[in-house]
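Written below as C-alpha coordinates is the structure these notes are about.
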Amino acid sequence: MDFTDGNALAGPLREIFAVDMTAATSRCAACGHAGPVATLRVYAHAPGLVARCPGCEEVVLRLVRAPDSAWLDLRGAASLRIPL
Amino acid sequence: MTPGFRGRPRSSGPKLPPGQYLTEDFPVLTAGPTPRVPVDRWEFVVTTETGQQHRWSWADLMALPAETPTVDIHCVTKWSKLGTDWVGVSLDTLLSDVETAADFAFVHSYGGYTTNLPLEDLLDGQSWIAYRYDGADLAPEHGGPARLLVPHLYFWKSAKWVRGIQLRLDDEPGFWESAGYHDYGDPWREQRYQGD
(Lines give C-alpha, C1' and ligand atoms only; values in the text may rest on other atoms or scores of the structure.)
Protein backbone atom coordinates (compact mmCIF):
# COMPACT_ATOMS: atom_id res chain seq x y z
CA MET A 1 0.00 0.00 0.00
CA ASP A 2 1.42 3.33 -1.06
CA PHE A 3 -1.28 5.43 0.54
CA THR A 4 -3.55 5.75 3.54
CA ASP A 5 -7.06 7.08 3.78
CA GLY A 6 -7.97 10.68 4.48
CA ASN A 7 -7.89 10.19 8.20
CA ALA A 8 -4.20 10.91 7.87
CA LEU A 9 -5.17 14.53 7.11
CA ALA A 10 -7.07 15.00 10.35
CA GLY A 11 -4.18 16.17 12.46
CA PRO A 12 -2.51 18.36 9.83
CA LEU A 13 -5.78 20.04 8.72
CA ARG A 14 -6.88 20.65 12.27
CA GLU A 15 -3.69 22.50 12.89
CA ILE A 16 -4.09 24.61 9.75
CA PHE A 17 -7.73 25.56 10.26
CA ALA A 18 -7.18 26.43 13.89
CA VAL A 19 -5.27 29.53 12.82
CA ASP A 20 -6.59 32.87 11.59
CA MET A 21 -6.70 32.30 7.84
CA THR A 22 -6.93 36.01 7.03
CA ALA A 23 -3.25 36.24 7.86
CA ALA A 24 -2.41 33.54 5.31
CA THR A 25 -0.91 34.55 1.97
CA SER A 26 -2.94 33.38 -0.99
CA ARG A 27 -1.55 33.09 -4.50
CA CYS A 28 -4.07 33.68 -7.28
CA ALA A 29 -4.25 30.72 -9.65
CA ALA A 30 -5.18 33.05 -12.52
CA CYS A 31 -2.58 35.85 -12.34
CA GLY A 32 -0.11 34.78 -9.66
CA HIS A 33 -0.73 37.77 -7.43
CA ALA A 34 0.18 36.92 -3.84
CA GLY A 35 -1.03 38.73 -0.77
CA PRO A 36 -2.79 38.29 2.55
CA VAL A 37 -6.22 36.68 2.45
CA ALA A 38 -7.33 39.80 4.31
CA THR A 39 -6.69 41.87 1.16
CA LEU A 40 -8.97 39.80 -1.10
CA ARG A 41 -12.16 41.51 -2.31
CA VAL A 42 -15.07 39.69 -0.70
CA TYR A 43 -18.55 39.83 -2.24
CA ALA A 44 -20.89 38.90 0.59
CA HIS A 45 -24.25 39.94 -0.90
CA ALA A 46 -24.53 36.59 -2.61
CA PRO A 47 -25.55 33.00 -1.83
CA GLY A 48 -22.05 32.51 -0.43
CA LEU A 49 -18.85 34.45 0.22
CA VAL A 50 -16.86 35.10 -2.94
CA ALA A 51 -13.29 36.35 -2.47
CA ARG A 52 -11.64 37.80 -5.55
CA CYS A 53 -8.07 38.70 -6.37
CA PRO A 54 -7.31 42.43 -5.98
CA GLY A 55 -5.01 42.11 -8.99
CA CYS A 56 -7.20 40.45 -11.63
CA GLU A 57 -10.65 40.09 -10.00
CA GLU A 58 -10.75 36.34 -10.58
CA VAL A 59 -12.29 34.19 -7.85
CA VAL A 60 -9.69 32.93 -5.37
CA LEU A 61 -11.92 31.43 -2.68
CA ARG A 62 -15.59 30.61 -2.22
CA LEU A 63 -17.25 29.65 1.03
CA VAL A 64 -20.82 28.41 1.22
CA ARG A 65 -22.28 27.87 4.66
CA ALA A 66 -25.26 25.54 4.96
CA PRO A 67 -26.88 24.83 8.33
CA ASP A 68 -24.92 21.62 8.83
CA SER A 69 -21.85 21.97 6.58
CA ALA A 70 -19.57 24.37 4.82
CA TRP A 71 -18.15 24.14 1.31
CA LEU A 72 -14.75 25.70 0.79
CA ASP A 73 -13.74 25.98 -2.86
CA LEU A 74 -10.08 26.90 -3.30
CA ARG A 75 -9.58 26.10 -6.96
CA GLY A 76 -8.76 29.73 -7.64
CA ALA A 77 -5.88 29.64 -5.17
CA ALA A 78 -2.62 28.20 -6.41
CA SER A 79 -1.45 28.06 -2.81
CA LEU A 80 -2.07 29.32 0.69
CA ARG A 81 0.94 30.13 2.84
CA ILE A 82 -0.16 29.80 6.43
CA PRO A 83 1.95 31.23 9.25
CA LEU A 84 2.33 28.66 12.02
CA MET B 1 -57.31 15.29 12.60
CA THR B 2 -54.35 15.58 10.31
CA PRO B 3 -52.31 18.62 11.31
CA GLY B 4 -52.40 21.27 8.65
CA PHE B 5 -55.47 19.95 6.86
CA ARG B 6 -57.70 22.70 8.21
CA GLY B 7 -55.03 24.78 9.89
CA ARG B 8 -53.18 27.79 8.62
CA PRO B 9 -50.00 27.42 6.58
CA ARG B 10 -47.06 26.91 8.88
CA SER B 11 -44.85 29.88 8.09
CA SER B 12 -45.64 31.49 4.78
CA GLY B 13 -48.57 32.43 2.60
CA PRO B 14 -49.90 30.18 -0.11
CA LYS B 15 -47.88 31.87 -2.85
CA LEU B 16 -44.55 31.54 -1.04
CA PRO B 17 -42.40 28.41 -1.18
CA PRO B 18 -41.30 26.95 2.17
CA GLY B 19 -38.77 29.00 4.11
CA GLN B 20 -39.25 32.16 2.01
CA TYR B 21 -40.32 35.64 3.14
CA LEU B 22 -41.97 38.33 1.05
CA THR B 23 -40.02 41.41 0.02
CA GLU B 24 -41.29 44.49 -1.78
CA ASP B 25 -37.92 45.85 -2.89
CA PHE B 26 -35.52 44.11 -5.27
CA PRO B 27 -32.33 43.07 -3.45
CA VAL B 28 -29.13 43.10 -5.51
CA LEU B 29 -26.99 40.00 -5.10
CA THR B 30 -23.72 39.67 -6.92
CA ALA B 31 -20.69 37.42 -6.83
CA GLY B 32 -18.40 40.00 -8.42
CA PRO B 33 -18.06 43.38 -10.06
CA THR B 34 -20.98 44.46 -12.25
CA PRO B 35 -20.10 44.06 -15.94
CA ARG B 36 -20.99 47.03 -18.16
CA VAL B 37 -21.83 45.64 -21.58
CA PRO B 38 -22.79 48.19 -24.27
CA VAL B 39 -25.55 46.82 -26.48
CA ASP B 40 -23.52 47.46 -29.64
CA ARG B 41 -20.96 44.95 -28.34
CA TRP B 42 -23.47 42.55 -26.79
CA GLU B 43 -24.13 39.19 -28.31
CA PHE B 44 -25.84 35.99 -27.28
CA VAL B 45 -24.48 32.67 -28.49
CA VAL B 46 -25.99 29.20 -28.30
CA THR B 47 -23.45 26.43 -28.86
CA THR B 48 -24.71 22.91 -29.47
CA GLU B 49 -23.06 19.66 -28.43
CA THR B 50 -21.61 19.37 -31.96
CA GLY B 51 -20.01 22.81 -31.72
CA GLN B 52 -22.50 24.53 -34.01
CA GLN B 53 -23.01 28.16 -32.97
CA HIS B 54 -26.09 30.35 -33.26
CA ARG B 55 -25.51 34.07 -32.64
CA TRP B 56 -27.79 37.00 -31.98
CA SER B 57 -26.73 40.64 -31.87
CA TRP B 58 -28.73 43.13 -29.81
CA ALA B 59 -30.55 44.19 -33.00
CA ASP B 60 -31.32 40.54 -33.76
CA LEU B 61 -32.77 40.10 -30.26
CA MET B 62 -34.89 43.25 -30.55
CA ALA B 63 -36.28 42.03 -33.88
CA LEU B 64 -37.67 38.85 -32.30
CA PRO B 65 -41.19 38.73 -30.84
CA ALA B 66 -41.21 39.94 -27.25
CA GLU B 67 -43.28 38.48 -24.44
CA THR B 68 -44.33 40.18 -21.19
CA PRO B 69 -44.23 37.60 -18.40
CA THR B 70 -45.48 38.52 -14.91
CA VAL B 71 -43.86 36.05 -12.55
CA ASP B 72 -42.95 35.35 -8.93
CA ILE B 73 -39.23 35.08 -8.18
CA HIS B 74 -37.57 33.24 -5.30
CA CYS B 75 -33.99 33.82 -4.14
CA VAL B 76 -32.18 31.05 -2.29
CA THR B 77 -31.23 33.65 0.35
CA LYS B 78 -34.93 33.41 1.28
CA TRP B 79 -36.57 36.49 -0.19
CA SER B 80 -39.40 36.14 -2.67
CA LYS B 81 -40.93 38.85 -4.80
CA LEU B 82 -44.36 38.37 -6.32
CA GLY B 83 -45.81 39.61 -9.59
CA THR B 84 -42.66 40.97 -11.22
CA ASP B 85 -43.09 42.39 -14.75
CA TRP B 86 -40.55 41.63 -17.48
CA VAL B 87 -40.12 41.96 -21.23
CA GLY B 88 -38.03 39.39 -23.03
CA VAL B 89 -37.69 36.80 -25.75
CA SER B 90 -38.76 33.25 -24.99
CA LEU B 91 -36.08 30.59 -25.18
CA ASP B 92 -38.62 28.63 -27.26
CA THR B 93 -38.20 31.33 -29.92
CA LEU B 94 -34.41 31.45 -29.69
CA LEU B 95 -33.99 27.67 -29.76
CA SER B 96 -36.66 26.92 -32.37
CA ASP B 97 -34.14 26.47 -35.19
CA VAL B 98 -31.41 24.89 -33.07
CA GLU B 99 -30.89 21.21 -33.71
CA THR B 100 -29.72 19.41 -30.62
CA ALA B 101 -29.92 16.13 -28.76
CA ALA B 102 -28.69 17.77 -25.56
CA ASP B 103 -30.36 17.23 -22.19
CA PHE B 104 -28.50 19.97 -20.29
CA ALA B 105 -27.82 23.68 -20.58
CA PHE B 106 -24.70 25.39 -19.21
CA VAL B 107 -25.33 29.11 -19.04
CA HIS B 108 -22.48 31.61 -19.02
CA SER B 109 -22.41 35.32 -18.42
CA TYR B 110 -20.33 38.39 -19.05
CA GLY B 111 -18.13 38.58 -15.97
CA GLY B 112 -17.62 34.82 -15.77
CA TYR B 113 -20.68 33.62 -13.83
CA THR B 114 -22.11 30.24 -14.82
CA THR B 115 -25.11 28.09 -13.92
CA ASN B 116 -26.58 24.81 -15.14
CA LEU B 117 -30.05 23.39 -15.60
CA PRO B 118 -31.85 20.76 -17.64
CA LEU B 119 -32.60 21.98 -21.16
CA GLU B 120 -36.28 21.09 -20.74
CA ASP B 121 -36.52 23.70 -17.97
CA LEU B 122 -35.71 26.41 -20.51
CA LEU B 123 -38.50 25.34 -22.88
CA ASP B 124 -42.31 25.33 -23.05
CA GLY B 125 -42.75 28.92 -21.91
CA GLN B 126 -40.61 28.56 -18.80
CA SER B 127 -37.74 30.94 -19.56
CA TRP B 128 -36.81 34.17 -21.32
CA ILE B 129 -33.88 36.38 -22.21
CA ALA B 130 -35.25 39.42 -20.38
CA TYR B 131 -34.17 42.98 -21.16
CA ARG B 132 -36.80 45.15 -19.48
CA TYR B 133 -38.04 45.08 -15.90
CA ASP B 134 -40.90 47.04 -14.34
CA GLY B 135 -41.33 49.33 -17.34
CA ALA B 136 -37.68 50.27 -17.85
CA ASP B 137 -34.56 48.89 -19.47
CA LEU B 138 -33.00 46.27 -17.23
CA ALA B 139 -30.43 48.01 -15.01
CA PRO B 140 -26.86 46.66 -14.94
CA GLU B 141 -27.11 45.74 -11.24
CA HIS B 142 -30.06 43.50 -12.09
CA GLY B 143 -28.28 41.91 -15.04
CA GLY B 144 -28.80 44.40 -17.86
CA PRO B 145 -28.62 44.66 -20.72
CA ALA B 146 -30.13 41.16 -20.63
CA ARG B 147 -30.45 38.31 -18.17
CA LEU B 148 -31.87 34.84 -18.20
CA LEU B 149 -35.24 34.57 -16.44
CA VAL B 150 -36.22 31.09 -15.19
CA PRO B 151 -38.69 31.93 -12.42
CA HIS B 152 -39.70 28.40 -11.44
CA LEU B 153 -36.18 27.72 -10.10
CA TYR B 154 -34.23 29.60 -7.41
CA PHE B 155 -33.12 32.92 -8.84
CA TRP B 156 -29.39 32.06 -8.98
CA LYS B 157 -30.35 30.05 -12.09
CA SER B 158 -31.59 33.27 -13.75
CA ALA B 159 -28.09 34.34 -14.75
CA LYS B 160 -27.49 38.07 -14.95
CA TRP B 161 -25.53 39.51 -17.94
CA VAL B 162 -26.23 36.35 -19.92
CA ARG B 163 -23.82 35.80 -22.77
CA GLY B 164 -24.55 32.34 -24.02
CA ILE B 165 -25.80 28.83 -23.46
CA GLN B 166 -23.85 25.69 -24.13
CA LEU B 167 -26.11 22.72 -24.91
CA ARG B 168 -24.55 19.57 -23.50
CA LEU B 169 -25.14 15.83 -23.34
CA ASP B 170 -23.80 15.79 -19.77
CA ASP B 171 -24.49 18.00 -16.74
CA GLU B 172 -21.73 20.43 -15.81
CA PRO B 173 -22.16 22.19 -12.45
CA GLY B 174 -22.04 25.99 -12.52
CA PHE B 175 -20.66 28.64 -10.17
CA TRP B 176 -22.85 27.93 -7.14
CA GLU B 177 -23.73 24.36 -8.03
CA SER B 178 -20.05 23.42 -7.74
CA ALA B 179 -19.76 25.10 -4.34
CA GLY B 180 -22.47 23.40 -2.34
CA TYR B 181 -25.71 24.59 -3.89
CA HIS B 182 -28.29 22.18 -5.28
CA ASP B 183 -27.94 21.05 -8.87
CA TYR B 184 -31.61 21.73 -9.73
CA GLY B 185 -32.89 24.28 -7.17
CA ASP B 186 -36.66 23.87 -7.02
CA PRO B 187 -37.90 26.43 -4.44
CA TRP B 188 -41.14 24.50 -3.80
CA ARG B 189 -39.08 21.47 -2.72
CA GLU B 190 -36.60 23.77 -0.91
CA GLN B 191 -33.64 22.41 -2.85
CA ARG B 192 -31.07 24.88 -1.54
CA TYR B 193 -27.96 22.80 -0.90
CA GLN B 194 -26.56 19.55 -2.23
CA GLY B 195 -28.43 16.71 -0.59
CA ASP B 196 -31.64 18.71 0.04
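The values are calculated or read from the model by the stated rules, or taken from the named source; none is laboratory data. Note that the structure is predicted; figures quoted are calculated from it, not measured. When we count neighbours, we look across all protein chains shown, and the Cβ atoms used for this are built from the backbone with ideal geometry, even at glycine. The accessibility values were calculated without ligands, DNA or RNA, using every heavy atom of the protein model including side chains. Shrake-Rupley method; radii C 1.70, N 1.55, O 1.52, S 1.80 Å.
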Using label points projected 7 Å from each Cα along Cα→Cβ, tell me how many nm separate residue B:97 and residue A:39, to one decimal. 5.2
Provide the per residue accessible area, probe 1.4 Å, for the protein assembly as shown, rounded to a whole number of square angstrom. 53
With n ≥ 4 as the cut-off for DSSP H runs, can you work out [θ] at 222 nm for chain A, using -39500 (n - 2.57) per run divided by the number of residues, rounded to the nearest 500? -2500 deg cm²/dmol
Can you give me the distance in nm between label points at residue B:188 and residue B:55, each placed 7 Å from the Cα along the Cα-to-Cβ direction? 4.0
FRET E, pair residue A:2, residue A:80, Förster distance 30 Å, beta-carbon r, rounded to 0.05: 0.70
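What does the charge dipole of the stretch A:6-81 about its Cα centre add up to, to the nearest 20 debye, if the Cβ of each Lys and Arg holds +1 and the Cβ of each Asp and Glu holds -1? Write down the numbers at each step before the final one.
On the way: 8 positive and 6 negative charges, 19 e Å.
It comes to approximately 100 debye.
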Amide H proximity to residue A:61 below 5 Å, modelled H, separation 5+ or other chain, gives A:51
Please give the FRET efficiency for residue B:70 paired with residue A:69, using the beta carbon to beta carbon distance and R0 = 45 Å, rounded to the nearest 0.05. 0.75
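Rounded, prolate or oblate: which fits the stretch B:31-121, taking a ≥ b ≥ c as square roots of the Cα gyration tensor eigenvalues, rounded meaning a/c under 1.5, else prolate when a/b beats b/c? If you can, show how the numbers build up before the last one.
Details: a/c = 1.33, a/b = 1.29, b/c = 1.04.
Rounded, since a/c falls under 1.5.
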Residue-wise HN-Hα coupling along the stretch B:56-73, computed from phi with Karplus coefficients 6.51, -1.76, 1.60 (Hz; x: Gly, Pro): 10, 7, 4, 5, 4, 5, 5, 7, 7, x, 9, 10, 10, x, 10, 9, 8, 10
Rounded, prolate or oblate: which fits the stretch A:6-81, taking a ≥ b ≥ c as square roots of the Cα gyration tensor eigenvalues, rounded meaning a/c under 1.5, else prolate when a/b beats b/c? oblate
Taking θ = phi - 60°, what integer Hz values does the Karplus form 6.51 cos²θ - 1.76 cosθ + 1.60 yield along the stretch B:108-116, in sequence order, with x for Gly and Pro? 10, 10, 4, x, x, 5, 9, 7, 10
Please report the relative contact order for chain B, taking Cα pairs under 8 Å with a sequence separation of at least 6, and give it as a percent rounded to a whole number. 23
Go through the cysteines of chain A and tell me which have no other cysteine Cβ under 4.7 Å away. none
Using the alpha-carbon centroid of each, what span in Å lies between the stretch B:106-128 and the stretch B:85-104? 10
Residue by residue, what Karplus-based ³J(HN,Hα) values in Hz, rounded to whole numbers, does the stretch B:155-167 have, using 6.51, -1.76 and 1.60 with θ = phi - 60° and x for Gly and Pro? 5, 5, 6, 7, 4, 5, 6, 4, 10, x, 9, 9, 8
Non-local residues with an amide H under 5 Å from the amide H of residue B:182, with H modelled 1.01 Å from N and Pro and chain starts lacking one, are B:193, B:194
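Give the shape of the stretch B:90-132 as rounded, prolate or oblate, defined through the alpha-carbon gyration tensor: a ≥ b ≥ c are the square roots of its eigenvalues, a/c under 1.5 means rounded, and otherwise the shape is prolate if a/b is larger than b/c and oblate if not. Intermediate results must be reported in sequence, preceding the final value.
Details: a/c = 1.79, a/b = 1.21, b/c = 1.48.
The shape class here is oblate.
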